[in-house]
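Down below is the structure, laid out as structure tokens.
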Amino acid sequence: MVADHAAQVEELIADYRRSREQLAEVHRALAAISESATSPCGMVTATVSAQGALTGLVIADGAYRRYRPAELAHVVVRTTAAADALAARAAGHAVAPVLPAGTDPEALLRGTADLTPAEVAPPRRPAPDDDSFEHMTWLESDTPRSS
């Protein structure tokens, strides 16, 4: 009986070690993800990590002559979003082997795995009522006090 318990404990410890190693492999795979996208015009290349952090940005010299600042900013944002989509897909592939069957890895990484679109949408705020003083405080003032 004691031998059975010792064997069970040893098996549990072995399972735990395998799970930790598998988790470490997933973390290493996520840390290694670096995806790049180039804009259709070829003037901007953005590189993004698995977490969506911009890790590299290359803007061709000619981009400053071709685009006005606001237009170039838009190209940078779109290109970064494209790189982020590639990185999210790669991250999903990295975590998929450790997830239960039927789990959407990209949705899980976004934090929306079991939420409906209505639950994810930002809350709608009612239009302010100009006659309402409900959210105002009369205790604090923007004017400085004299001492």
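Readers should treat all values here as calculations from the given coordinates under stated rules, not as data from a laboratory. Here the structure is a predicted model, which means the values were calculated and not measured. Reconstructed Cβ throughout: ideal geometry from the backbone, glycine too, with neighbour counts over all protein chains shown.
Here the range 1-57 is treated as a Stokes sphere of Kirkwood radius computed over C-alpha pairs; at 20 °C and 1.002 mPa s its diffusion coefficient rounds to 146 µm²/s.
Summary of packing: across the peptides 67-78, 112-123, the per-residue average of other C-beta atoms within 10 Å ranks them, highest first, as 67-78, 112-123. Packing here is the average count of other Cβ atoms within 10 Å per residue, and on that basis the peptides 81-89, 22-30, highest first, run 81-89, 22-30. When a/c is below 1.5 the answer is rounded, else prolate if a/b is larger than b/c, else oblate, so apply that to the range 57-126 with a ≥ b ≥ c taken from the square roots of the Cα gyration tensor eigenvalues. Oblate shape, in that a/c is at least 1.5 and b/c is the bigger or equal ratio.
Taking only Cα atoms of the range 15-99, what ratio of Rg to Rh do you get with Rh as the Kirkwood inverse-distance radius? Result: Rg/Rh = 1.18.
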